[in-house]
Amino acid sequence: MGARCTDTGRILEYGFFAHFEPISHSASPDPGAEAFDEHLGYEADLLNALEAMDGAGLAFRGRGIDVWPGIWLLPSTPEYDLVGGGITILEERTVDASGMLAISFTSGHIEFGHSILVRAADADRLAEYSDLTRDVRVGVSAETTGEARLLQIVGLIDEDGALLAGTRVATPGGTVVADGSDAYRVAASGSSPNLAGRMHLEPPSPELPQVVFFGAESVQTEQPEALASGQVDALAGDKILNSTIERMWAGALVVTAIDTLVDLGGFALDQDEEALLACLDDKLRYLTDERSIGYEEWLANPAVFLERAEVWTP
């Protein structure tokens, strides 16, 4: 494989999710601000290192994106060549609404896990997922792997994502009641149309928790405030993100119930960009030293990827 990934002069249009600090975020949370398109965080430093690799021929023009659902499909449109922002690699996310293959993912460059975040006073009471019963309101970002994994762990969806029969879901159009079929399916790649805009889930059993739904863009603003003020009793989501919030709240909020499942995150490209995908994978494997350098190493030394780029030879 050649060292160069693109034709001379090509600049890759890169879209990134703007609200996933510290993995991927904008310098300004305001979509109308010029700094909204300034990319910061783990993935930004990884892309900067790709650009710095001598002879790789990689240049990115970043644009912030503040809408999460379906962000991974944007490279199949003319606007974007590459999209990132803490996107978990899932086969179901590679196809569009018609079921046609639309995008491909690079191999994983970061490991994601799941956990819950609770008030410090509740750390012992809500130490495990099994402690989440009907008197507990769990907040989660809709249309994310965090949502799907929470519902799967506690038993509110089956392995195909179908909600447990009798589950009541409040939506803008009124309350719907799941019948156990695929007509009431929740998945990280997109959910059933009649669950769009869901706000609250009431379980059919006292052994299962209530679920309150938020947008992914509120994960470090509205959601911790809702937890601290008692609007919800726990937040389910990514372990890195929850740990970041725990540090920001200086012990008032703590991480519990760490899930053992590990997901991989990557960048999405149009499925026809086979050569570019292979070349990016080659460079990403080098920068991460075959995934032995990841988030924790970057957190300890944010220049770690750039340092490896500077000693790379084509």
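Quick one: would you say L201 is hydrophobic (A, V, I, L, M, F, W, C), over 20 Å from the mean Cα position of the chain (by Cα) and either part of a loop (DSSP other than H, G, I, E, B) or surrounded by 19 or more Cβ atoms within 10 Å (Cβ to Cβ) (or both)? Don't jump to the end; show me each part of the working.
Details: hydrophobic (A, V, I, L, M, F, W, C): yes; over 20 Å from the mean Cα position of the chain (by Cα): yes; either part of a loop (DSSP other than H, G, I, E, B) or surrounded by 19 or more Cβ atoms within 10 Å (Cβ to Cβ) (or both): yes.
Spelling it out, L201 is indeed hydrophobic (A, V, I, L, M, F, W, C), over 20 Å from the mean Cα position of the chain (by Cα) and either part of a loop (DSSP other than H, G, I, E, B) or surrounded by 19 or more Cβ atoms within 10 Å (Cβ to Cβ) (or both).
The residue list G9, G86 contains one member that is closer than 21 Å to P302 by Cα and assigned to a loop (DSSP other than H, G, I, E, B), which is G86.
Determine if the stretch 284-295 includes at least one residue that is open to solvent by 40 Å² or more (accessible area, probe 1.4 Å), farther than 17 Å from I89 by Cβ, assigned to a loop (DSSP other than H, G, I, E, B) and not basic (K, R). Yes, some residue in the stretch 284-295 is open to solvent by 40 Å² or more (accessible area, probe 1.4 Å), farther than 17 Å from I89 by Cβ, assigned to a loop (DSSP other than H, G, I, E, B) and not basic (K, R). Considering the stretch 10-24, and only residues there that are touching a Gly at 6+ places or on another chain (Cβ under 9 Å) and open to solvent by 30 Å² or more (accessible area, probe 1.4 Å), the residue that is nearest to W312 (Cα to Cα) turns out to be R10.
Number of residues in the stretch 209-219 that are open to solvent by 20 Å² or more (accessible area, probe 1.4 Å) and either modelled with pLDDT of 95 or more or assigned to a strand (DSSP E or B) (or both) equals 4. Screening I103, I89, I157, I110 for residues that are more than 18 Å from F16 (Cα to Cα) and of a type in the set (V, I, T) leaves exactly one candidate, I157. Within the stretch 169-184, the residues that satisfy the criterion of being in contact (Cβ under 8 Å) with a residue 12 or more places away in the chain and touching a strand residue (DSSP E or B) at 6+ places or on another chain (Cβ under 8 Å) are V169, A170, V176, A178, G180, S181, D182, Y184.
Every residue in the stretch 181-197 that is open to solvent by 20 Å² or more (accessible area, probe 1.4 Å) and either outside any helix (DSSP H, G or I) or under 16 Å from T171 (Cα atoms) (or both), please. Within the stretch 181-197, S181, A183, Y184, R185, S189, G190, S191, P193, N194, A196, G197 qualify.
Scan the stretch 38-53 for residues that are in contact with a helix residue (DSSP H, G or I) (Cβ under 8 Å, 6 or more places away or on another chain) and either open to solvent by less than 30 Å² (accessible area, probe 1.4 Å) or in a loop (DSSP other than H, G, I, E, B) (or both) and report the count. The total comes to 5. Annotation note: of T256, T175, the sole residue that is among the hydroxyl-bearing types (S, T, Y), more than 23 Å from S130 (Cβ to Cβ), surrounded by fewer than 21 Cβ atoms within 10 Å (Cβ to Cβ) and out of contact with any Phe, Trp or Tyr (no Cβ under 8 Å at 6 or more places or on another chain) is T175. Among the residues of the stretch 150-172, write down those that are part of a helix (DSSP H, G or I) and open to solvent by 50 Å² or more (accessible area, probe 1.4 Å). Result: Q152, I153.
Filtered by the rule that a residue be in a loop (DSSP other than H, G, I, E, B) and either in contact with a His (Cβ under 9 Å, 6 or more places away or on another chain) or in contact (Cβ under 8 Å) with a residue 60 or more places away in the chain (or both), the stretch 68-81 gives W68, P69, G70, E79, Y80, D81. I'd like to know if the stretch 110-123 contains one or more residues that are touching an Asp or Glu at 6+ places or on another chain (Cβ under 9 Å), at pLDDT 95 or above, assigned to a helix (DSSP H, G or I) and basic (K, R). No, every residue in the stretch 110-123 fails to be touching an Asp or Glu at 6+ places or on another chain (Cβ under 9 Å), at pLDDT 95 or above, assigned to a helix (DSSP H, G or I) and basic (K, R).
Condition (residue is within 26 Å of D96 (Cα to Cα), open to solvent by 10 Å² or more (accessible area, probe 1.4 Å), in contact with a strand residue (DSSP E or B) (Cβ under 8 Å, 6 or more places away or on another chain) and at pLDDT 95 or above) applied to the stretch 220-230: is it met by at least one residue? The answer is no, given that none of the residues of the stretch 220-230 is within 26 Å of D96 (Cα to Cα), open to solvent by 10 Å² or more (accessible area, probe 1.4 Å), in contact with a strand residue (DSSP E or B) (Cβ under 8 Å, 6 or more places away or on another chain) and at pLDDT 95 or above.
The values are calculated or read from the model by the stated rules, or taken from the named source; none is laboratory data. Note that the structure is a prediction, hence the values are computed from the model and not measured. Don't worry about glycine lacking a Cβ; one is built from the backbone with ideal geometry, like all the others, and counts go over all protein chains shown. What goes into the accessible areas is simple: the full protein's heavy atoms, side chains included, and nothing from ligands, DNA or RNA. Shrake-Rupley method; radii C 1.70, N 1.55, O 1.52, S 1.80 Å.
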